[in-house]
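Scroll down for the structure; my scribbles are underneath it.
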Amino acid sequence: MSVDPNDTPTNEAASAEAEVVQLCSELIRIDTTNTADPETLAGEAEAADYVAAKLTEVGYEVEVVQSGMPKRMNVIARLAGADPSRGALLMHGHLDVVPADASEWSVHPFSGAVQDGYVWGRGAVDMKDMDAMMLAVARRFKREGVVPPRDIVWAFVADEEAGGKWGAQWLVENRPDLFEGCTEAVGEVGGFSLTLGEDQRAYLIEAAEKGIAWMRLRAKGKPGHGSFLHDDNAVTILAEAVARLGNHTFPLVVTPTVRAFLDRMTELTGVEYPEDDLEGALAKLGPISRIIGATVRDTANPTMLNAGYKANVIPSTAEAVVDCRVLPGREEAFLAEIDELLGPDVEREWVTDLPAVETPFEGALTDAMQAALRTEDPTAEIVPYMLSGGTDAKAFSALGMKCYGFAPLRLPPELDFASLFHGIDERVPVDALTFGTRVLDRFLRTA
């Protein structure tokens, strides 16, 4: 049946809200740790089976795709819309999570505990909360026979936390037919609230993200005894280059998305963001400034060092890994700066090189986001922003899709949301999950 998007949600909506907490908790309990090492991968396949069963239970025809490697499973389903001539909308989420050390947590990271008003565990915000919201709405639409305005493709994929080589990237390269007709895509790390005043909230929508370039550095020297005088030490050469890189400040660059964010925030708050003290002004945003502040410069953070095998042996090689995040349009200038900083004695190679993404923040889709939010929060204002990290939008944008991050959550103002991504005691408010389910339901009826 066709459904008027302005209809008041029925009791089925309440059931979707009720089950989203259980879905999120059960997904968290499936340990889907992605170490990027095939020998130590955990339960992505189990999570895919769980999602496939939940979709099949309500009548979806589901395709479960192994993406080029054993146990790397992806779940795809399509819901037919009222107008097949319109471009389809891809709703995508990843099932893997980063590792967690249980000894550091106050609640076991794979317990999925529901307590103190939160669902706790690794993946609660990155991104099994959104997976659960998508699954709850997908199940409700199928149970009720809701026909959305256009086709919706639901995708629950593997390997995002290691760059998506065996998930979204593989699917785009090998099974683009699964996304036939998709012109826009909605995924993670957007739609969360930032409290501006007592009764005013901005909801940040991801419209851009920095490129990811994980770089391995290698220096070579003469091996020898640790007690000798030595002027060609690979460890010293590498350490000096890594220090230069780690201490370097790249130039401030305001991209169109960041400019739109700053202008919109000035409209809403009256706070100015002058370029001669931009980072100081951004600090006034509170904890979220760690994300926003990282989108006005390229970054290159050394993360791993490896050299030597014995205390009294000078090794012939030394290696480091650097996590580089590059602004849209800055690729060539960034590499030129990197090479100048490293000097001629250090080699570099890319471990992962994924492009930046930037989508114009305009049109019917973003209008539908704001309208859906305002049904639940009448003061809601949407604001575009750039993500300092990366998502599977990098893969799907290669198919020509306009990509946004919209996982709607109304958050308590005191919650340091940014710290929860890959952090200790990751958790999502129960009220935010049910809020997001209602908003996502409304959004997908009108998008």
Among the residues listed as MET127, MET133, the single one being in contact with a strand residue (DSSP E or B) (Cβ under 6 Å, 6 or more places away or on another chain), surrounded by 23 or more Cβ atoms within 10 Å (Cβ to Cβ) and either among the hydrophobic types (A, V, I, L, M, F, W, C) or not assigned by TED's automatic domain parsing to the domain that holds LEU440 (or both): MET127
Test: residue in the range 252-259 that is charged (D, E, K, R), surrounded by 24 or more Cβ atoms within 10 Å (Cβ to Cβ) and out of contact with any Phe, Trp or Tyr (no Cβ under 8 Å at 6 or more places or on another chain): no
Some residue of the range 287-308 being of a type outside the set (A, V, I, L, M, F, W, C), touching a Lys or Arg at 6+ places or on another chain (Cβ under 9 Å), closer than 18 Å to GLU206 by Cβ and part of a loop (DSSP other than H, G, I, E, B): yes
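Okay, residues lined up against (1) within 24 Å of the chain's Cα centre (by Cα); (2) modelled with pLDDT of 95 or more; (3) closer than 16 Å to GLY246 by Cα; (4) not assigned by TED's automatic domain parsing to the domain that holds PHE192:
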position	(1), (2), (3), (4)
GLY270	no, no, no, yes
ARG290	yes, no, no, yes
GLU319	no, yes, yes, yes
GLU337	no, yes, yes, yes
Criterion (touching a Phe, Trp or Tyr at 6+ places or on another chain (Cβ under 9 Å), at pLDDT 95 or above and either buried (at least 20 other Cβ atoms within 10 Å of the Cβ) or not aliphatic (A, V, I, L, M) (or both)) met by exactly one of ASP392, ASP441, ASP367, ASP431: ASP441
Selection within the range 223-257 - touching a Leu at 6+ places or on another chain (Cβ under 7 Å) and either small (Gly, Ala, Ser) or part of a loop (DSSP other than H, G, I, E, B) (or both): ALA241, HIS248, LEU252, VAL253, THR255
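To keep it simple, each residue is scored yes or no on (1) assigned by TED's automatic domain parsing to the domain that holds VAL439; (2) at pLDDT below 95; (3) among the aromatic types (Phe, Trp, Tyr).
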{"position": "SER2", "(1), (2), (3)": "no, yes, no"}
{"position": "ALA16", "(1), (2), (3)": "yes, yes, no"}
{"position": "VAL21", "(1), (2), (3)": "yes, no, no"}
{"position": "LEU41", "(1), (2), (3)": "yes, yes, no"}
{"position": "ASP49", "(1), (2), (3)": "yes, no, no"}
Residue in the range 62-69 that is part of a loop (DSSP other than H, G, I, E, B) and either under 28 Å from VAL21 (Cβ atoms) or touching a His at 6+ places or on another chain (Cβ under 9 Å) (or both) present: no
Entirely in the range 343-447, the strands (runs of 3 or more DSSP E) that have 2 or more residues that are touching a Ser or Thr at 6+ places or on another chain (Cβ under 9 Å) and of a type outside the set (Gly, Ala, Ser): 381-387, 402-405
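The values are calculated or read from the model by the stated rules, or taken from the named source; none is laboratory data. Note that the structure is a prediction, hence the values are computed from the model and not measured. So basically every Cβ, Gly included, is an ideal-geometry build from the backbone, and we count neighbours across all protein chains shown.
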